[in-house]
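To start, the structure itself, in structure tokens.
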Amino acid sequence: MATERVIGIDLGTTNSCVAIVEDGTPVVIPNRGGYKTTPSMVAIAENGKRLVGHIAKRQAITNAENTVHAAKRLIGRKWGSPAVKAAIETVPYRIVEGPHDDVRIMLRDQVFSIPEISAYILQEMKFIAEEYLGEEVVKSVVTVPAYFNDGQRQATKDAGRIAGLDVIRIINEPTAAALAYGFGRNIERKVAVYDLGGGTFDISVLEIGNGVFEVISTAGDTFLGGEDFDRRIIDWLVFGFHKEHKIDLRKDKMALQRLKDVAEKAKCELSSARETEINLPFIISTGKNEALHLQRTLTREKLEELTLDLVERTIQICKKTLEDADIDKKEIEDVILVGGMTRVPKVQEMCAEFFGMEPCKGVHPDEVVALGASIQGGALIDEQSDVLLLDVTPHSLGIMIVGGYFHKLIEQNTTVPTSKSHVFTTVKDNQTSVKILVLQGESERAEENELLGEFILTGLRRAPKGEVEVEVTFHISADGIVSVKAKDLETGLEQSITVTATSGLTEDEIRRMIDENKDYMMEVRSSQEFEKHRQAAEKILDEIEQLFPVVNEIISSSDFGRDAVKKARGVCERARSAIAAKDLAAVVDATEALTRTLNMFKGVVSKTRAG
Ligand code: AMP
């Protein structure tokens with residue numbers, strides 16, 4: 001039976017983490033290997049098997065084309081967007097166009113949507129929790145970058161469904177971090193959460209007091225993180241190698257994956273060391289079959305020179321969000337650093353300089369988000385909970401009006417959930433439908449904002465223009481997800497709305513993916529079950545084989561004995577055939593017969609010895 005408890009999942013670009021509240025204390029659940037975080041990597045092996053986490057990471061170099069990392073950078077994105085173009089140029093796996101102007105990934109000969117890839121990671125986190133708790137878990141709170149738009153949030157929720165999870169709430173990563181920071185402490189203060197992870201950057205300012213966590217302002221960049229720092233190191237290595245050997249390493253997928261590996265490792269090492277050796281023997285061979293090696297020294301100063309503008313971009317975003325929310329830096333009483341990238345000394349230094357204080361050292365940058373998600377999960381199912389979370393929408397929501405302008409209906413940094421209504425009238429006689437383009441963003445020009453969907457009001461009453469009035473209500477949920485409802489003001493009847501032009505998955509596709517995932521998991525489970533019984537049968541077969549010569553010698557002198565040995569041979573034959581045919585039921589039956597035979601053999605041997 002599934003537990004009522006709620007797990008908190010930090011679905012990160014690089015690593016993911018799962019936590020749960022136990023006896024009032026949030027704890028991170030380690031995976032089978034004892035690690036508290038699991039790589040957000042998915043691969044398809046040569047035999048078609050799906051690999052997730054550490055096991056996917058371990059084979060990434062030799063199976064680069066079929067190993068996905070950083071899928072979070074693609075979730076909810078449109079095909080032609082700059083982020084997708086950048087990813088196509090830099091990742092070793094194949095990114096292809098999906099049927100709804102969306103992005104898909106081709107691994108071996110299968111095409112996967114991004115929510116499916118994320119679902120496999122979420123499912124792994126679900127398994128980790130289930131193994132720890134010893135029962136099924138369905139309810140979860142999943143975190144997303146605060147700056148994620150509606151499409152990215154929706155796609156993350158879809159991933160949860162495909163994974164068999166009931167995502168009861170999506171919460172923002174910096175908000176989750178603030179929850180973990182302030183949970184159980186009697187504090188009243190304004191804090192800034194600076195969250196630089198593998199793929200995204202967020203800054204949020206919150207007011208904490210009496211168990212209430214209120215976000216005042218948030219901003220970020222969903223395409224700025226550790227991956228970009230790694231990329232700068234890769235570019236530097238590729239450039240240097242090209243200068244020396246006139247060979248472009250990017251063209252070789254295995255070399256590219258090895259470069260990515262060493263670049264990340266070097267970056268991490270430079271958080272504590274002043275310089276590091278980068279060594280890649282046999283990185284590529286020349287046309288003359290001569291192997292070339294790559295060897296360079298990277299200093300912390302060089303890394304800082306290569307990436308300074310990236311850190312500066314995060315500081316500019318911090319500055320802007322404080323200005324937008326009219327907050328004086330002096331009002332901030334604590335700065336919380338979240339995300340693996342905040343271990344980089346230059347990041348810490350520039351943060352301290354900007355906020356005019358040393359950041360708080362009390363939180364674990366890799367675990368705090370999952371811990372916060374589990375606290376929110378606990379609070380959502382506990383009616384007595386005194387934790388209240390008030391988050392905001394990171395983007396303004398509005399519609400396109402005449403002239404291609406953007407008319408804002410809900411301003412950014414408005415507390416969610418929130419609703420706003422707008423009355424639309426017909427502009428032509430006998431007009432029976434109205435098209436509304438719903439967008440998210442801050443630009444005055446509609447086309448520069450993110451199109452969430454085209455909502456078409458249909459079945460309007462035929463009447464002279466301006467007579468039919470339809471009230472459309474735009475709602476942003478606590479998850480930050482947008483929904484639209486319409487009502488005919490004259491009749492009070494709900495109007496139907498058709499949504500088109502979204503890059504999300506359709507309900508039919510999601511259902512198909514849920515079914516396919518279930519089928520796949522059933523297959524995996526039954527093959528694991530077969531493997532368990534096969535091993536047991538093989539073990540008994542071995543023991544019988546070892547006893548055969550002895551038993552043969554003891555009993556084959558009688559007719560009865562010869563018959564018994566012949567029968568035993570038959571039992572072994574049948575077990576081997578069942579194993580070869582991969583027939584689980586037959587292997588289970590054969591194991592029982594094998595056990596009886598083994599016991600009989602053991603009995604014969606021990607009787608002879610006793611005699
Ligand atoms: P997260 O998304 O929070 O898991 O952060 C992952 C990012 O942090 C990746 O880009 C990692 O390479 C980076 N990271 C982790 N540990 C360190 C470290 N010690 N120094 C520098 N970067 C790190």
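Within segment 179-189, track down each residue that is over 14 Å from Asp10 (Cα atoms) and touching a helix residue (DSSP H, G or I) at 6+ places or on another chain (Cβ under 8 Å).
Residues of segment 179-189 over 14 Å from Asp10 (Cα atoms): 181-189.
Result: Tyr181, Phe183.
For segment 558-585, which residues satisfy the criterion of being of a type in the set (A, V, I, L, M), open to solvent by less than 30 Å² (accessible area, probe 1.4 Å) and either modelled with pLDDT of 90 or more or touching a strand residue (DSSP E or B) at 6+ places or on another chain (Cβ under 8 Å) (or both)?
Once the filter is applied, which keeps residues that are of a type in the set (A, V, I, L, M), open to solvent by less than 30 Å² (accessible area, probe 1.4 Å) and either modelled with pLDDT of 90 or more or touching a strand residue (DSSP E or B) at 6+ places or on another chain (Cβ under 8 Å) (or both), segment 558-585 yields Ala568, Val571, Ala575, Ala578, Ile579.
Conditions (1) open to solvent by 50 Å² or more (accessible area, probe 1.4 Å); (2) of a type in the set (Ser, Thr, Tyr), marked per residue:
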residue: Thr222; (1), (2): no, yes
residue: Gly225; (1), (2): no, no
residue: Asp228; (1), (2): no, no
residue: Val238; (1), (2): no, no
residue: His242; (1), (2): yes, no
residue: His245; (1), (2): yes, no
residue: Ala255; (1), (2): no, no
residue: Lys260; (1), (2): no, no
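Which strands (runs of 3 or more DSSP E) sit wholly inside segment 1-98 and have at least 1 residues that are open to solvent by less than 10 Å² (accessible area, probe 1.4 Å) and either of a type outside the set (Gly, Ala, Ser) or in the same structural domain as Ser113 (by TED's automatic domain parsing) (or both)?
Fully inside segment 1-98 and qualifying: 7-11, 15-22, 42-44.
If we scan segment 281-289, do we find a residue that is outside any strand (DSSP E or B) and at pLDDT 95 or above?
Pass one, segment 281-289, residues outside any strand (DSSP E or B): 286-289.
Pick out the ones that are also at pLDDT 95 or above and you get none.
Scanning segment 281-289 turns up no residue that is outside any strand (DSSP E or B) and at pLDDT 95 or above.
Would you check which residues across segment 364-389 are open to solvent by 50 Å² or more (accessible area, probe 1.4 Å) and outside any loop (DSSP other than H, G, I, E, B) and list them?
Leu380, Ile381, Leu388, listed by residue number.
Are any of the residues in segment 274-293 more than 22 Å from Gln59 (Cβ to Cβ), within 12 Å of the ligand (Cβ to nearest atom) and among the hydrophobic types (A, V, I, L, M, F, W, C)?
No, segment 274-293 contains no residue that is more than 22 Å from Gln59 (Cβ to Cβ), within 12 Å of the ligand (Cβ to nearest atom) and among the hydrophobic types (A, V, I, L, M, F, W, C).
Assess whether Gly356 counts as being of a type in the set (Gly, Ala, Ser), away from the ligand (no atom under 16 Å from the Cβ) and open to solvent by 40 Å² or more (accessible area, probe 1.4 Å).
Spelling it out, Gly356 is indeed of a type in the set (Gly, Ala, Ser), away from the ligand (no atom under 16 Å from the Cβ) and open to solvent by 40 Å² or more (accessible area, probe 1.4 Å).
Can you tell me how many residues in segment 130-148 are crowded, with 24+ Cβ neighbours inside 10 Å and not in a strand (DSSP E or B)? Before you say what the answer is, go through the steps one by one.
First, the residues of segment 130-148 that are crowded, with 24+ Cβ neighbours inside 10 Å: 137, 140-148.
From the residues that got through so far, the ones that are not in a strand (DSSP E or B) too are 145-148.
Qualifying residue count, segment 130-148: 4.
Can you tell me which residue in segment 423-434 is modelled with the highest pLDDT, limited to those that are out of contact with any Ser or Thr (no Cβ under 8 Å at 6 or more places or on another chain) and surrounded by 13 or more Cβ atoms within 10 Å (Cβ to Cβ)? Give the derivation first.
Of all residues in segment 423-434, those out of contact with any Ser or Thr (no Cβ under 8 Å at 6 or more places or on another chain) come to 423-431.
Those still in the list that are surrounded by 13 or more Cβ atoms within 10 Å (Cβ to Cβ) too: 424-426, 431.
Numbers: Phe424: 87, Thr425: 88, Thr426: 87, Gln431: 92.
Per the criteria, the residue is Gln431.
Working only within segment 224-263, note down all residues that are within 21 Å of the chain's Cα centre (by Cα) and within 14 Å of the ligand (Cβ to nearest atom). Quick ask: steps written out before the conclusion?
Filtering segment 224-263 down to residues within 21 Å of the chain's Cα centre (by Cα) leaves 224-231, 257, 260-261.
Answer for segment 224-263, where residues must be within 21 Å of the chain's Cα centre (by Cα) and within 14 Å of the ligand (Cβ to nearest atom): Leu224, Gly225, Gly226, Glu227, Asp228, Phe229, Asp230, Arg231, Lys260, Asp261.
Just for segment 264-273: of the residues that are buried (at least 21 other Cβ atoms within 10 Å of the Cβ) and in a helix (DSSP H, G or I), which one is nearest to the ligand (Cβ to nearest atom)? Please lay out each step first, then the result.
Step one: list which residues in segment 264-273 are buried (at least 21 other Cβ atoms within 10 Å of the Cβ), which gives 266-267, 270.
Filter once more, keeping what is in a helix (DSSP H, G or I): 266-267.
On the way: Ala266: 10, Lys267: 5 Å.
So the residue we want is Lys267.
Give me the residue from segment 331-347 that is open to solvent by 10 Å² or more (accessible area, probe 1.4 Å) and part of a strand (DSSP E or B) and, out of that set, farthest from the ligand (Cβ to nearest atom).
For segment 331-347, the residue satisfying everything is Asp334.
Among the residues of segment 20-57, count how many are of a type in the set (A, V, I, L, M), touching a residue at least 24 places away in the same chain (Cβ under 8 Å) and within 23 Å of Leu107 (Cβ to Cβ).
Adding up the residues that qualify gives 5.
If we keep just the residues of segment 486-535 that are of a type in the set (Gly, Ala, Ser) and farther than 25 Å from Phe127 by Cα, which is modelled with the lowest pLDDT?
Taking the candidates together, the pick is Ala501.
Of the residues that make up segment 546-553, is at least one among the acidic types (Asp, Glu), assigned to a helix (DSSP H, G or I) and in contact with a helix residue (DSSP H, G or I) (Cβ under 6 Å, 6 or more places away or on another chain)?
The answer is no, given that none of the residues of segment 546-553 is among the acidic types (Asp, Glu), assigned to a helix (DSSP H, G or I) and in contact with a helix residue (DSSP H, G or I) (Cβ under 6 Å, 6 or more places away or on another chain).
Among the residues of segment 276-285, is there at least one that is closer than 26 Å to Thr13 by Cβ, touching a residue at least 12 places away in the same chain (Cβ under 8 Å) and open to solvent by 80 Å² or more (accessible area, probe 1.4 Å)?
no
Is segment 314-326 home to any residue that is surrounded by fewer than 18 Cβ atoms within 10 Å (Cβ to Cβ) and not in a helix (DSSP H, G or I)?
Within segment 314-326, one or more residues are surrounded by fewer than 18 Cβ atoms within 10 Å (Cβ to Cβ) and not in a helix (DSSP H, G or I).
Can you spot a residue in segment 473-483 that is surrounded by fewer than 15 Cβ atoms within 10 Å (Cβ to Cβ) and outside any helix (DSSP H, G or I)?
Yes, segment 473-483 has at least one match.
The values are calculated or read from the model by the stated rules, or taken from the named source; none is laboratory data. As the structure is a computational prediction, the values presented were derived from the model and not from experiment. Here the Cβ is made from the backbone with ideal geometry for all residues, glycine too, and neighbour counts use every protein chain on show. Accessible surface areas use protein heavy atoms only, side chains included; no ligands, DNA or RNA. Shrake-Rupley method; radii C 1.70, N 1.55, O 1.52, S 1.80 Å.
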